[in-house]
Each structure stands twice: as structure tokens, then as C-alpha cells.
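Trainee: Sharing a structure here in C-alpha cells format.
The values are calculated or read from the model by the stated rules, or taken from the named source; none is laboratory data. Since this is a predicted model, take the numbers as computed values, not measurements. Virtual Cβ from ideal backbone geometry, glycine too; neighbours counted across all protein chains shown. The accessibility values were calculated without ligands, DNA or RNA, using every heavy atom of the protein model including side chains. Shrake-Rupley method; radii C 1.70, N 1.55, O 1.52, S 1.80 Å.
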Amino acid sequence: MSSEPPPPGSGQPPDDDPFKKQPPPAEGGGSPYDPSYGAQPPPSGAQPPPYGGGDPYGSGGPYGGDPLAGMPPLADSGKRVLARILDMILVGIVVWLLSWAFGVTEYDVDTDKIDTGKSFAQSLVAAVLYVGYDTFMISKSGQTLGKRLFKLRVANLDNGSTPSVQTTLIRSLVLWIPFAFCCACIWTAIAGGWSFFDKPYKQGLHDKAAKTVVVSTG
């Protein structure tokens, strides 16, 4: 078997990925999100739980049916919100500067004077920058600047590794395209706020689309 790491963006975590999920302890281990957490292992010769059991995505893997087994704890939703607000402010400043530089800003409150072309161009600039920022940062390390500050990280639900470019792009598009072109902060609040009520994985709607979770690194 080759010892070379998989190529970037292949979707396979490198062997030295420090965030890749680790197998739980042999006895009484697992994840606190698994109903069988702390239970004794089955007797010798007993059949293990069926592959994929307990995971709504159908990919529970070899961790007793719980994809969170061996992962760090799930992130606090409040910290996720604070990290997202910081990222929105940082990228928003760049969006405003570029929109002003290219003359596509549109702040007139008089609906009779709104330039539709400028409004669309500004939305396009916002979409490209927000999607590009999230896709690049998260596929590189699992963290945006906001997440790094609050010690959070995006991980694949199935194995805990850093999401690939494709996975991160799906996640970013679901979050930022509606934000940029129609629903602005309303959609961001709905998609991100979903994690406050979602069980057992505390996922936002964009996490569900990409099959990712946000975990704590601190």
C-alpha cells in the first residue's frame, strides 16, 4: 500500500490529519451522543451493530453506528453565531470596498431610483467573496478566521476529517447564495440558527446539505 497522502481535494483525509476521527476505547467508550454510550461491549462472538445503523445519512461506519464516536464535542451554537458574525463583518468590508471601487454600490432608499444593474452586481460581488472565502478557508483547515478565534472547526460527519473542496463548496453555496441575492440576514439566521434546535448533530441547514458538523477544538 502506498504511503503517499491522497491529492488535495480528493475527499480523502491525509493519514496525518490531526482531526480525523479516532476509534473509541474498547470498553464503555463511544460518543455521549450515542444512546449506547458507556455500555459494555457485546459478548465474544456476538454480531456487531449493522453497518450504518443509527446514522440518518446511512453511513454510520465502523463506530457502532454513531458517526460522532471518536470526535471532539460538538460546538456551542452561540459560539458559532459569534464566529459567523465576525466572518460576515470581515468579508463585508471587502465587499463594500470592491463594490465602491467598481462603482456598483447602491444605497438609495428611494425605490424609484434604484439601479437594478448595480444592485445585481453588488450581490454578485458579495456571493463570490463569501462563497470563495468559506470554501478556501474551510477546505484548507476546517476553520475560517472567526472559527479559529472561537476554537471551532468544520468536520465531515462520517470521519471527522477536514471537508474537501467539493463538500465545502456545497456548504458555502447553500449558505451564501440566498444571502447575497434575496434573503440576506434572514436566510443566514435561519440556516445557522437551525443548529440551536437540531438533534443529535446540531447542524445548520448548510451542514445538512454537505453532511458536515461543527466541533470544538478547545
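Trainee: Out of the residues in region 178-198 meeting the condition of being over 21 Å from Gly78 (Cα atoms) and of a type outside the set (Phe, Trp, Tyr), tell me which one is least open to solvent (accessible area, probe 1.4 Å).
Mentor: Step by step, filter region 178-198, then rank; the result is Ala180.
Trainee: All but one of (1) touching a helix residue (DSSP H, G or I) at 6+ places or on another chain (Cβ under 8 Å); (2) modelled with pLDDT of 90 or more; (3) open to solvent by 70 Å² or more (accessible area, probe 1.4 Å); (4) under 24 Å from Leu98 (Cα atoms) hold for Val128; which doesn't?
Mentor: (1)
Trainee: Just need a number here: residues in region 147-177 that are open to solvent by less than 10 Å² (accessible area, probe 1.4 Å), out of contact with any strand residue (DSSP E or B) (no Cβ under 7 Å at 6 or more places or on another chain) and part of a helix (DSSP H, G or I).
Mentor: 4
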